Each structure stands twice: as structure tokens, then as C-alpha cells.
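**Q** Quick one: the structure is below, questions incoming.
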Amino acid sequence: MDTPPPITPGSPSIPPTPPASSSDRQWKVIIHLCGLAGLIVPSCGNIVAPLVVWLLKKPESPAIDATGRAVMNFQISYTIYLWVSGIVMVVLGWLIIPLILPVAVFVAWLVFTILGAIKASNGEEYTPPFTLKLL
């Protein structure tokens, strides 16, 4: 009979999640790539598509739930950043730097979305920089 090792001070009381199955890994990749729906329906496709997949699949696996939550935080964060950079561009449009800001945010969003899918495919967890923890 296997007994779990005793919890020592300073060690986490929550056991680590088991490695994701092949199916879980595929769904984690899909959740990341659903963010690319924002290319078709700007400002809401990148939020709605991963949200639908996350809500449908999260009861099946804690790993999918955690990834879905992280992806939603990322998509909401970068949508906020894109809107704010657009407002800054309109208000300060006569300067060059505000014109570059929305493009930089968009490129970062695109790169981090693809990078998240690649990391999920490799079984790794990934949280892009500047992601707000909203959920």
C-alpha cells in the first residue's frame, strides 16, 4: 500500500497535476489557437472562441481548465491593451510612437498566441508577459 510522502514545511500542500494526456494536450492547443478567431472577428472573436471551447471542455480535465483560464486572461488582457493603444493613437496621432503602439501590441498578441499553442503541444504551460490575472 503506497502512502503519500509527508508534507514538509514550505512544500506545496496541493499535489502537482498529472501530465496531460494526448487528448488534453490537443484541446490545450486548440484553446490557444482559437484566439486566432480575433483575426476574423476583431475585438471579440479572440475572446469568444476560446471561451466556448474552455467552457465545454473544462469539466473533463483540470489541465484544460487551467489552460483555458490562462488563455482567457491573456486574450482579455491583450484586447484591453489593443483598445487602449488605439485610443492613445487617436488622441496623440500626430506623434509617430502612438502609431506604432497598436501594431506592436497586435504583433505581440499574434506571436504569444502561436507560442502558447507550440508550448501546449509540447506539454508545457505558458503565460505570456503582461497578462493580467482576471479569472
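The values are calculated or read from the model by the stated rules, or taken from the named source; none is laboratory data. Here the structure is a predicted model, which is why all the values come from computation and not from measurement. Virtual Cβ from ideal backbone geometry, glycine too; neighbours counted across all protein chains shown.
**Q** Among the numbered conditions (1) assigned to a loop (DSSP other than H, G, I, E, B); (2) surrounded by 19 or more Cβ atoms within 10 Å (Cβ to Cβ), tell me where residue 130 comes up short.
**A** Going through the list (1) assigned to a loop (DSSP other than H, G, I, E, B); (2) surrounded by 19 or more Cβ atoms within 10 Å (Cβ to Cβ), residue 130 breaks only (2).
**Q** Here is a check on your reading of the model: is residue 66 touching an Asp or Glu at 6+ places or on another chain (Cβ under 9 Å), closer than 17 Å to residue 131 by Cα and surrounded by 13 or more Cβ atoms within 10 Å (Cβ to Cβ)?
**A** Judged against the criteria, residue 66 is a match.
**Q** For residue 123, work out the one condition from (1) modelled with pLDDT of 90 or more; (2) farther than 19 Å from residue 22 by Cβ; (3) outside any helix (DSSP H, G or I) it doesn't fulfil.
**A** It fails just one condition, (2).
**Q** Okay, moving on. Can you go through 87, 76, 64 and tell me which one is aliphatic (A, V, I, L, M), farther than 16 Å from residue 38 by Cα and within 15 Å of the chain's Cα centre (by Cα)?
**A** Among 87, 76, 64, only 64 is aliphatic (A, V, I, L, M), farther than 16 Å from residue 38 by Cα and within 15 Å of the chain's Cα centre (by Cα).
**Q** Sticking with this one: Which residues, taken from segment 47-69, are in contact (Cβ under 8 Å) with a residue 40 or more places away in the chain and in contact with a helix residue (DSSP H, G or I) (Cβ under 8 Å, 6 or more places away or on another chain)?
**A** 61, 63, 64, 67, 69, listed by residue number.
**Q** Any idea which residue in segment 81-120 is nearest to residue 66 (Cα to Cα), counting only those that are assigned to a helix (DSSP H, G or I) and among the aromatic types (Phe, Trp, Tyr)?
**A** 112
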